[in-house]
Amino acid sequence: MHNLSGKKLVLATHNAGKIAEMVALLGPHDVSILSAADFGLSAPEETATDFVGNARIKARFVADQTGLPSLADDSGIEIDALEGAPGIYTADWAETPAGRDFDFAMRKTWEMVTRSSALPPYSARFRCAIVVAWPDGSEEVFEGAVEGRLTWPPRGPGGHGYDPMFQPTGGELTFAEMSAEEKNRISHRSMAFAALTARCFT
C-alpha cells in the first residue's frame, strides 16, 4: 500500500466536470493535484469491457508517461430497462457529429427506455471505478455505486452527463438539482473516493 499524503497526483482525465468533482473530494487532503492536460497528454484508447479495466488503462498510461502516481476513474449509468446499458459506453452515447451532447444522449436514452417492455419506475444506478497507478507498476482499485431511477423531463442546471435525469433512491432531487456539496456526499464517485482516502491518506 502506498500513501498519497504530501505527494503529487495526476488526474488522468480531460473532463472538466470530473476534474472539478475530484478536486473537491481530494481538497481536504495533503496532495498536490495535476491533470493529464498539464502534461499535454492525449487520452489512451479505452478497450476494456468493464469500468475497472478502462480506469486502469488511463491511470497506467499517465503514470508511465509522467513518472508520478495517477488517478483515473471510469464511470457511467446502468439502466435496468436496457439490460445495464449504456454502462461503459455512457459517454459514447453522447457522441454526435458536432461533438459530445448529453442532452441528445438523454433524449435518445429516454426514447429507448419508454419503447422497452419495462414498466416505470425505471431503475438505474451510477457506477464508478477508481484506479490509482504508481510508477513502480503497483495499483489500487476502489469502487462505488448509487441506486436510483430515471426521471423525465430532465431537471436541474448542475452536474454533468446524465445527472439531470437521475434521481437517487430516497431523495426528491436529481443529481443536477443538488449543490456540488450535496451530490458529493452521496454520489458513486464520493463512495469510491471515501474508500481511496481511507486507504491512501492514513
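The values are calculated or read from the model by the stated rules, or taken from the named source; none is laboratory data. Since the model is a prediction, treat every value here as computed from it, not as a measurement. Glycine gets a Cβ as well: all are built from the backbone with ideal geometry, and neighbour counts include every protein chain shown. The area values use the complete protein model at the heavy-atom level, side chains included, leaving out ligands, DNA and RNA. Shrake-Rupley method; radii C 1.70, N 1.55, O 1.52, S 1.80 Å.
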- line: Within the range 98-147, the count of residues that are at positive phi and either of a type in the set (Ser, Thr, Tyr) or under 22 Å from the mean Cα position of the chain (by Cα) (or both) comes to 1
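Is it true that some residue in the range 25-45 is of a type in the set (A, V, I, L, M, F, W, C), in a loop (DSSP other than H, G, I, E, B) and either open to solvent by less than 60 Å² (accessible area, probe 1.4 Å) or modelled with pLDDT under 95 (or both)? Spell out how you get there, then give the answer.
The first filter runs over the range 25-45 and keeps only residues of a type in the set (A, V, I, L, M, F, W, C), leaving 25-26, 31, 33-34, 36-37, 39, 41, 43.
Now restrict to residues that are in a loop (DSSP other than H, G, I, E, B): 41, 43.
Subset that is either open to solvent by less than 60 Å² (accessible area, probe 1.4 Å) or modelled with pLDDT under 95 (or both): 41, 43.
Yes, there is a match, as at least one residue in the range 25-45 is of a type in the set (A, V, I, L, M, F, W, C), in a loop (DSSP other than H, G, I, E, B) and either open to solvent by less than 60 Å² (accessible area, probe 1.4 Å) or modelled with pLDDT under 95 (or both).
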statement: Only one of (1) part of a loop (DSSP other than H, G, I, E, B); (2) open to solvent by less than 30 Å² (accessible area, probe 1.4 Å); (3) among the β-branched types (Val, Ile, Thr) does not apply to VAL10, and that is (1)
message: Go through (1) open to solvent by 20 Å² or more (accessible area, probe 1.4 Å); (2) of a type outside the set (A, V, I, L, M); (3) closer than 27 Å to ARG199 by Cα; (4) more than 15 Å from the chain's Cα centre (by Cα) for GLU83 and report which single condition fails.
response: (3)
task: Please give the number of the condition ARG125 fails out of (1) over 28 Å from ASP64 (Cα atoms); (2) of a type in the set (Lys, Arg); (3) open to solvent by 50 Å² or more (accessible area, probe 1.4 Å).
output: (3)
- prompt: Do you know which residues across the range 72-88 are in contact with a helix residue (DSSP H, G or I) (Cβ under 7 Å, 6 or more places away or on another chain) and of a type in the set (Val, Ile, Thr)?
  reply: ILE79, ILE88
Every residue from the range 172-202 that is under 13 Å from PHE126 (Cβ atoms), modelled with pLDDT under 95 and assigned to a loop (DSSP other than H, G, I, E, B): SER187
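What do you reckon, is THR90 touching a residue at least 12 places away in the same chain (Cβ under 8 Å), within 27 Å of LEU9 (Cβ to Cβ) and crowded, with 21+ Cβ neighbours inside 10 Å? So that I can check it myself, show each step before the final result.
Working: touching a residue at least 12 places away in the same chain (Cβ under 8 Å): yes; within 27 Å of LEU9 (Cβ to Cβ): yes; crowded, with 21+ Cβ neighbours inside 10 Å: yes.
Criteria met by THR90.
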